[in-house]
2 protein chains.
Amino acid sequence: MPAERIDGVAIAAKVRAKVAQDAEALKAKGVTPGLTVVLVGDDPASAFYVGAKEKACKEAGMNGETIRLPASTPEAELLAVIDKLNADPAVHGILVQMPVPKHIDAQKVIRRIDPMKDVDGFHPVNAGKVLIGDADGFAPCTPAGVQVMLQEAGVETSGKEAVILGRSTIVGKPMAALLIQSGKGADCTVTICHSRTKNLAEHTRRADILIAAIGKPEMVTADMVKPGAVVIDVGINRVDDASQKRGYRIVGDVKFDEVAARASKITPVPGGVGPMTIAMLLANTVRAAQLSLAGTPEGAR
Amino acid sequence: MPAERIDGVAIAAKVRAKVAQDAEALKAKGVTPGLTVVLVGDDPASAFYVGAKEKACKEAGMNGETIRLPASTPEAELLAVIDKLNADPAVHGILVQMPVPKHIDAQKVIRRIDPMKDVDGFHPVNAGKVLIGDADGFAPCTPAGVQVMLQEAGVETSGKEAVILGRSTIVGKPMAALLIQSGKGADCTVTICHSRTKNLAEHTRRADILIAAIGKPEMVTADMVKPGAVVIDVGINRVDDASQKRGYRIVGDVKFDEVAARASKITPVPGGVGPMTIAMLLANTVRAAQLSLAGTPEGAR
């Protein structure tokens, strides 16, 4: 029996509906949740993502603004923009679209954002809260979205073996930190694999929950997957395809058809994890707005 | 052939000698590295640890002070003491001895400490830096000490399977974060096990490096260990022992004799990881003093 598809579009829509409801409630209290995205330069892919974020904000009844700066913007000028947004009470979430031009230190930029407005969850304070298991921090959107998908798809996580492929700061490491905590949607035995891992297939074959975030097109094949496993594909890779008008197609890190024949549940690419990232960004922004009403907790900044 | 003992006392002495050298160099620049420990209440074990820390500082040529407050100290008063130490340029490291009395919120106390003086490595900013792999943070002393021991004992870590028993904020989680990074003394494939883990022995038997930090006396037995593994015992447990004058003895989480017959290297208890913790505390304090000369990096506070 082929695997059930976990429908990221439908789950993301559910998250966004809840966000819209929460935004409505906040507006009744006089606060319209607002996300400001800063885009430096004119990379077409970045411009596309930024447009999608702005549109999603508006659909959820939130303020979504984009500040577009030329690629030549000096670092100090970008930092000054962040300082202004940090001080602006109408801005609850700040996101600087990555990558920034090479003359700008990305880590410096990320650390300049007020952690209480860091809805991307990349500031060290938020990374630390995710590792410690402190729910008042903002988790990075992609791994947070994966955790929501698992719960919405009815996947029991407690005591299960989760194997994560990839140790990026954006996905792999915070994903491990989320699943290792005690509590709902977590309590997994977690293994983190990466480029130095030996006998990778032996690890993946142990996984009840296999999360691929390694950026290698279709590298997870059926023989690497335990029958009945839940497979989450975080990869978004372009591969050449002459049969397509645009000359390429998008595939995940998982060889979908053959793995779907073996897994119990699987996320497709596209339409799987992808839509969750923006949904969680909105959810983080609404929560930032809620927290701004409640005041700043000790050590948050 | 029985396992080689990894001598924590000797490795800690080496770390402390390096600390004394660095302290000397700082004093030549007019800065004496200083650690201030705050002890609230009169728990005898805590008083013992605090005394050991003060003594170790002095032996390394550093300033070591202890502020002793009554158990009834209000939280606000403790926070005010921390504020004063944060502002004092002669204090480079601040450590509030845990546990604090129940009427005090330990998390609030930890977050009040300036992250640049948080030589215990418990502030979320520092936890986040450890997870991200940013070396300018302070790693918690015990897992940092384990990593140093592995290197000093000549254990190759790259591509090795590290299995960690325990997911505490003080040991298990930051230990995993340290070993998952790329670079020297890391690059392990890491599995984190805990109370919800099923088939624990199957995991431990895969480990090239097995780190027990679960707080269960002698729970790791020989049949759980792969022949030739490196076994690091973080546990310090009291067990009743009528043959001892004091009525108990100290054992680790590992059944030492039988595991030593199977492992390639092993840390004893006592005399293994224990001495490393204070040594790393001194090392963090000297580094805090060095950083205070260099100025505060962006996002450190």
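Restricting attention to region B:87-102, and to residues there that are more than 17 Å from the chain's Cα centre (by Cα) and crowded, with 16+ Cβ neighbours inside 10 Å, which single residue is nearest to the other protein chains (Cβ to nearest Cβ)? Show your work before the answer.
From region B:87-102, those more than 17 Å from the chain's Cα centre (by Cα) are B:87-92, B:100-102; that's our starting set.
Remaining after also requiring crowded, with 16+ Cβ neighbours inside 10 Å: B:91-92, B:100-101.
Working: B:Val91: 19, B:His92: 20, B:Val100: 14, B:Pro101: 18 Å.
Step by step, filter region B:87-102, then rank; the result is B:Val100.
Could you list all residues from region A:8-42 that are among the charged types (D, E, K, R) and farther than 20 Å from A:Ile94 by Cα?
Applying the first criterion (among the charged types (D, E, K, R)) to region A:8-42 yields A:14, A:16, A:18, A:22, A:24, A:27, A:29, A:42.
Scanning region A:8-42 gives A:Lys14, A:Lys18, A:Glu24, A:Lys29.
Among the residues of region B:139-148, is there at least one that is hydrophobic (A, V, I, L, M, F, W, C), closer than 23 Å to B:Lys265 by Cα and in contact with a strand residue (DSSP E or B) (Cβ under 8 Å, 6 or more places away or on another chain)? Quick ask: steps written out before the conclusion?
The first filter runs over region B:139-148 and keeps only residues hydrophobic (A, V, I, L, M, F, W, C), leaving B:139, B:141, B:144, B:146, B:148.
With the extra rule that they be closer than 23 Å to B:Lys265 by Cα, the set shrinks to B:141, B:144, B:146, B:148.
Of the ones still in play, those that are also in contact with a strand residue (DSSP E or B) (Cβ under 8 Å, 6 or more places away or on another chain) are B:146.
Yes.
Scan B:His194, B:His203 and give me the residue that is within 13 Å of chain A (Cβ to nearest Cβ) and surrounded by 23 or more Cβ atoms within 10 Å (Cβ to Cβ).
Values: B:His194 fails: surrounded by 23 or more Cβ atoms within 10 Å (Cβ to Cβ).
B:His203 is the lone residue from the list that is within 13 Å of chain A (Cβ to nearest Cβ) and surrounded by 23 or more Cβ atoms within 10 Å (Cβ to Cβ).
Quick check: is even one residue across region B:262-277 over 26 Å from B:Ala56 (Cβ atoms), touching a residue at least 12 places away in the same chain (Cβ under 8 Å), more than 14 Å from chain A (Cβ to nearest Cβ) and surrounded by fewer than 20 Cβ atoms within 10 Å (Cβ to Cβ)?
Taking region B:262-277 first, the residues over 26 Å from B:Ala56 (Cβ atoms) are B:262-264.
The next check asks that each one be touching a residue at least 12 places away in the same chain (Cβ under 8 Å); those that pass are B:262-264.
If we keep only those that are more than 14 Å from chain A (Cβ to nearest Cβ) too, we end up with B:262-264.
This time we only want the ones that are surrounded by fewer than 20 Cβ atoms within 10 Å (Cβ to Cβ), so: B:262, B:264.
Looking through region B:262-277, at least one residue is over 26 Å from B:Ala56 (Cβ atoms), touching a residue at least 12 places away in the same chain (Cβ under 8 Å), more than 14 Å from chain A (Cβ to nearest Cβ) and surrounded by fewer than 20 Cβ atoms within 10 Å (Cβ to Cβ).
Quickly run through region B:31-79 and pick out the residues that are free of Cβ contacts under 8 Å to residues at least 40 places away in the same chain, among the polar types (S, T, N, Q) and under 18 Å from B:Ile113 (Cα atoms).
Scanning region B:31-79 gives B:Thr66, B:Thr73.
Go through (1) more than 7 Å from chain A (Cβ to nearest Cβ); (2) surrounded by 19 or more Cβ atoms within 10 Å (Cβ to Cβ); (3) within 16 Å of the chain's Cα centre (by Cα) and name the single condition B:Thr157 misses.
Going through the list (1) more than 7 Å from chain A (Cβ to nearest Cβ); (2) surrounded by 19 or more Cβ atoms within 10 Å (Cβ to Cβ); (3) within 16 Å of the chain's Cα centre (by Cα), B:Thr157 breaks only (3).
Does B:Ala213 satisfy the condition of being touching a residue at least 12 places away in the same chain (Cβ under 8 Å) and assigned by TED's automatic domain parsing to the domain that holds B:Ile170?
Working: touching a residue at least 12 places away in the same chain (Cβ under 8 Å): yes; assigned by TED's automatic domain parsing to the domain that holds B:Ile170: yes.
It is true that B:Ala213 is touching a residue at least 12 places away in the same chain (Cβ under 8 Å) and assigned by TED's automatic domain parsing to the domain that holds B:Ile170.
Just to verify a result, which residue in region A:116-153, among those that are part of a loop (DSSP other than H, G, I, E, B) and hydrophobic (A, V, I, L, M, F, W, C), is nearest to the other protein chains (Cβ to nearest Cβ)? Before you say what the answer is, go through the steps one by one.
At the first step, the residues of region A:116-153 found to be part of a loop (DSSP other than H, G, I, E, B) are A:118-123, A:133-140, A:153.
Still in the running and hydrophobic (A, V, I, L, M, F, W, C): A:119, A:122, A:135, A:138-139, A:153.
Details: A:Val119: 16, A:Phe122: 9, A:Ala135: 12, A:Phe138: 11, A:Ala139: 12, A:Ala153: 20 Å.
It comes out as A:Phe122.
Kindly evaluate B:Asp105 against the criterion of being facing another protein chain (nearest Cβ under 10 Å), modelled with pLDDT under 95 and surrounded by fewer than 22 Cβ atoms within 10 Å (Cβ to Cβ).
On the way: facing another protein chain (nearest Cβ under 10 Å): yes; modelled with pLDDT under 95: no; surrounded by fewer than 22 Cβ atoms within 10 Å (Cβ to Cβ): yes.
Against the criterion (facing another protein chain (nearest Cβ under 10 Å), modelled with pLDDT under 95 and surrounded by fewer than 22 Cβ atoms within 10 Å (Cβ to Cβ)), B:Asp105 does not qualify.
Taking into account only those residues within region A:112-144 that are more than 19 Å from A:Ala177 (Cβ to Cβ) and not β-branched (Val, Ile, Thr), which is surrounded by the fewest Cβ atoms within 10 Å (Cβ to Cβ)?
Looking only at region A:112-144, we keep the residues that are more than 19 Å from A:Ala177 (Cβ to Cβ), and these are A:112-114, A:116-117.
Still in the running and not β-branched (Val, Ile, Thr): A:112, A:114, A:116-117.
On the way: A:Arg112: 23, A:Asp114: 19, A:Met116: 23, A:Lys117: 28.
Across region A:112-144, the extreme among qualifying residues is A:Asp114.
If you take the residues in region A:206-220 that are touching a Lys or Arg at 6+ places or on another chain (Cβ under 6 Å) and either away from every other protein chain (no Cβ under 13 Å) or of a type in the set (Phe, Trp, Tyr) (or both), which one is surrounded by the fewest Cβ atoms within 10 Å (Cβ to Cβ)?
A:Glu218
Being closer than 22 Å to B:Ala294 by Cα and of a type in the set (A, V, I, L, M) is the filter; apply it to region B:107-126 and report the residue that is nearest to the chain's Cα centre (by Cα). Walk me through it before giving the result.
Pass one, region B:107-126, residues closer than 22 Å to B:Ala294 by Cα: B:113-121, B:123, B:125-126.
From the residues that got through so far, the ones that are of a type in the set (A, V, I, L, M) too are B:113, B:116, B:119, B:125.
On the way: B:Ile113: 18, B:Met116: 17, B:Val119: 10, B:Val125: 17 Å.
Top of the filtered list is B:Val119.
Can you go through A:Val239, A:Val234 and tell me which one is of a type in the set (A, V, I, L, M) and over 22 Å from the mean Cα position of the chain (by Cα)?
Result: A:Val239 is the single residue among A:Val239, A:Val234 that is of a type in the set (A, V, I, L, M) and over 22 Å from the mean Cα position of the chain (by Cα).
Go through region B:1-115 and tell me which strands (runs of 3 or more DSSP E), entirely inside it, have 1 or more residues that are closer than 24 Å to B:Met149 by Cα. Talk me through it step by step, then tell me what you get.
Working: elements: B:34-40, B:63-69, B:93-96.
Where strands (runs of 3 or more DSSP E) fall fully within region B:1-115 and carry at least 1 residues being closer than 24 Å to B:Met149 by Cα, they are B:34-40, B:93-96.
Considering only region A:179-189, I want to know if a residue exists there that is within 11 Å of chain B (Cβ to nearest Cβ), more than 16 Å from A:Pro227 (Cα to Cα), among the aliphatic types (A, V, I, L, M) and touching a Ser or Thr at 6+ places or on another chain (Cβ under 8 Å). Can you show your working first?
Just the residues of region A:179-189 that are within 11 Å of chain B (Cβ to nearest Cβ), to begin with: A:179-183, A:186-189.
From what is left, the residues that are more than 16 Å from A:Pro227 (Cα to Cα) are A:179-183, A:186-189.
Those left that are additionally among the aliphatic types (A, V, I, L, M): A:179-180, A:186.
Those still in the list that are touching a Ser or Thr at 6+ places or on another chain (Cβ under 8 Å) too: A:179, A:186.
Yes.
Against the condition assigned by TED's automatic domain parsing to the domain that holds A:Asn199 and either small (Gly, Ala, Ser) or surrounded by fewer than 15 Cβ atoms within 10 Å (Cβ to Cβ) (or both), how does A:Arg238 come out, does it pass?
Yes.
Is it true that some residue in region B:78-85 is at pLDDT 95 or above and within 20 Å of the chain's Cα centre (by Cα)?
As a first pass, look at region B:78-85 and keep what is at pLDDT 95 or above: B:78-85.
Okay, now just the ones that are also within 20 Å of the chain's Cα centre (by Cα), so none.
So far as region B:78-85 goes, no, none of its residues is at pLDDT 95 or above and within 20 Å of the chain's Cα centre (by Cα).
The values are calculated or read from the model by the stated rules, or taken from the named source; none is laboratory data. Quick caveat, the model's predicted, so the values are computed rather than measured. Every residue, glycine among them, receives a Cβ derived from its backbone with ideal geometry; neighbour counts consider all protein chains shown.
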